[in-house]
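Undergrad: Got a structure here, written out as structure tokens. Questions coming.
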Amino acid sequence: MKNFKGRTAVITGAGSGFGLEAARIAAREGMNVVLADVQQDALDNAAAEIVGMGVAVLPVRVDVSKAAEVEALGEATYQRFGAPHFVFNNAGVGAGGLIWEHTLKDWEWVIGVNLMGVAHGVRVFTPMMLEAAKKDPTYEGHIVNTASMAGLLNPPNMGVYNVTKNAVVSLSETLYQDLSLVTEQVSASVLCPFFVPTGITQSHRNRPDELTEKGAKPTRSQLIGQAMSDKAVGSGKVTAAQVAQLVFDAMRERRFYIYSHPKALASVQTRMEDILTPRNPSDPFAGKPEIGAQLRAALRAP
Ligand SMILES: NC(=O)c1ccc[n+]([C@@H]2O[C@H](COP(=O)([O-])OP(=O)(O)OC[C@H]3O[C@@H](n4cnc5c(N)ncnc54)[C@H](O)[C@@H]3O)[C@@H](O)[C@H]2O)c1
């Protein structure tokens, strides 16, 4: 998709981070913008800013893990603007720690937002886009799903997050292949960022009460995971605005894989070689043994 002007973008997680930056670019490109987010104040602020940029805006409070809410988002989008051209299934949350220490509610929350949120977006919007493509040979659409480098690697102590992001890569590759069976007019990409400063390490701010363990304290591995991700995300040098720009560049160039830190692909190569050799998974801290030693010591301390 080369032209965005006058077309429609639907962005989930639009209140912060990559979603908000993508909304800013969409508005600069002259698109109608549907902003979806679960956090009302962030959504209100984003809507006020994007309206101020002079484009048509539809803000919708949506919990992407809820099928009916994403269906209502689809309905509201269609009523106001017709089929969208750019759908960014981007809302996501982080949770770390040793994988066996997640509670049932941890699994339900993170899978609900990170995986089912994307599945609902694909289920609701793709048929609308294909119908628009059938009716109008000049129609073009693009779906971008946000995974992570954790969708191509399985770093330790990142628990269910890795599981959901690997699943989003799988969903997105399947979507790409399936779309190419039926049309040239609608395509898909997957965004795999490495650590970038955003609100992701404060994801618990939007955790619903019914998916929160009453009175549960984080485990040691979860506290360590939080501190490590605070540090890694906080010291990231690539900005969320740059990542959002990469998304638009990839749509223009019809590129599937979108990487914020191509150098991190060396670890993906090592993982692929582990699988193909086959040999056991390589030490993820081989390049920084002191970090691995610290993590092991902290987790094994009495
Ligand atoms: N920042 C990073 O380092 C990084 C790296 C890899 C992948 N990602 C992924 O990028 C995506 C965007 O995250 P970000 O880094 O911009 O973080 P962010 O916290 O700044 O933005 C995420 C947005 O999603 C919203 N959200 C959370 N739960 C929701 C729900 N149930 N329904 C609707 N909206 C919801 C939040 O309110 C927030 O506005 C996520 O999928 C995240 O996993 C981030």
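Undergrad: Considering only residues that are within 12 Å of the ligand (Cβ to nearest atom) and outside any helix (DSSP H, G or I), which ones fall in segment 153-175?
TA: Matches in segment 153-175: Leu153, Pro155, Met158.
Undergrad: Related question: Test Ala83 against the stated conditions and say whether it is assigned to a helix (DSSP H, G or I) and modelled with pLDDT of 95 or more.
TA: no
Undergrad: Filter segment 176-185 down to residues that are of a type in the set (Asp, Glu) and assigned to a helix (DSSP H, G or I), then give me how many there are.
TA: 1
Undergrad: Would you mind telling me which numbered condition in (1) under 16 Å from the mean Cα position of the chain (by Cα); (2) under 23 Å from Gln226 (Cβ atoms); (3) small (Gly, Ala, Ser) Ala9 fails?
TA: With respect to (1) under 16 Å from the mean Cα position of the chain (by Cα); (2) under 23 Å from Gln226 (Cβ atoms); (3) small (Gly, Ala, Ser), Ala9 is out only on (2).
Undergrad: What single numbered condition from (1) touching a Leu at 6+ places or on another chain (Cβ under 8 Å); (2) assigned to a helix (DSSP H, G or I); (3) within 9 Å of the ligand (Cβ to nearest atom); (4) in contact (Cβ under 8 Å) with a residue 40 or more places away in the chain fails to hold for Ala36?
TA: Result: Ala36 fails condition (2) only.
Undergrad: For Asp44, work out the one condition from (1) outside any strand (DSSP E or B); (2) touching a helix residue (DSSP H, G or I) at 6+ places or on another chain (Cβ under 7 Å) it doesn't fulfil.
TA: Condition (2) is where Asp44 drops out.
Undergrad: Identify all residues within segment 107-119 that are out of contact with any Leu (no Cβ under 7 Å at 6 or more places or on another chain) and open to solvent by 20 Å² or more (accessible area, probe 1.4 Å); write none if there are none.
TA: Trp107, Ile111, Leu115, Met116
Undergrad: How many residues, within segment 186-232, are within 14 Å of the chain's Cα centre (by Cα) and assigned to a helix (DSSP H, G or I)?
TA: Residues flagged as within 14 Å of the chain's Cα centre (by Cα) and assigned to a helix (DSSP H, G or I) within segment 186-232 amount to 3.
Undergrad: Could you give every pair whose Cβ atoms fall below 8 Å, whose first residue belongs to segment 261-273 and is on the phi < 0 side of the Ramachandran plot, and whose second residue is in a helix (DSSP H, G or I), counting only separations of at least 6 or pairs across chains?
TA: His261/Met149; Ala264/Met149; Ser267/Met149; Val268/Met149
Undergrad: Oh, and also: Can you name the number of the only condition in (1) assigned to a helix (DSSP H, G or I); (2) open to solvent by 70 Å² or more (accessible area, probe 1.4 Å); (3) touching a residue at least 12 places away in the same chain (Cβ under 8 Å) that Pro281 fails?
TA: It fails just one condition, (1).
Undergrad: Which of the following residues is within 12 Å of the ligand (Cβ to nearest atom) and open to solvent by less than 40 Å² (accessible area, probe 1.4 Å): Ser221, Ser203, Ser235?
TA: Selected residue: Ser203, the only one of Ser221, Ser203, Ser235 that is within 12 Å of the ligand (Cβ to nearest atom) and open to solvent by less than 40 Å² (accessible area, probe 1.4 Å).
Undergrad: Among what's in segment 132-152 and is within 15 Å of the ligand (Cβ to nearest atom) and part of a strand (DSSP E or B), pick the residue that is nearest to the chain's Cα centre (by Cα).
TA: For segment 132-152, the residue satisfying everything is Thr146.
Undergrad: Right, here's the next one. Please work out if Phe88 is away from the ligand (no atom under 11 Å from the Cβ) and open to solvent by less than 10 Å² (accessible area, probe 1.4 Å).
TA: In short, no.
Undergrad: Also, quick follow-up: Could you list, ordered by first residue, the pairs with Cβ atoms under 8 Å in which the first is in segment 1-30 and part of a strand (DSSP E or B) and the second is of a type in the set (D, E, K, R), at least 6 apart or interchain?
TA: Thr12/Asp37
The values are calculated or read from the model by the stated rules, or taken from the named source; none is laboratory data. None of the values given here were measured: they were computed from a predicted structure. Because the Cβ atoms are built from the backbone with ideal geometry, glycine has one as well, and the counts that use them run over all protein chains shown. Note: areas computed on protein heavy atoms with side chains; ligands, DNA, RNA excluded. Shrake-Rupley method; radii C 1.70, N 1.55, O 1.52, S 1.80 Å.
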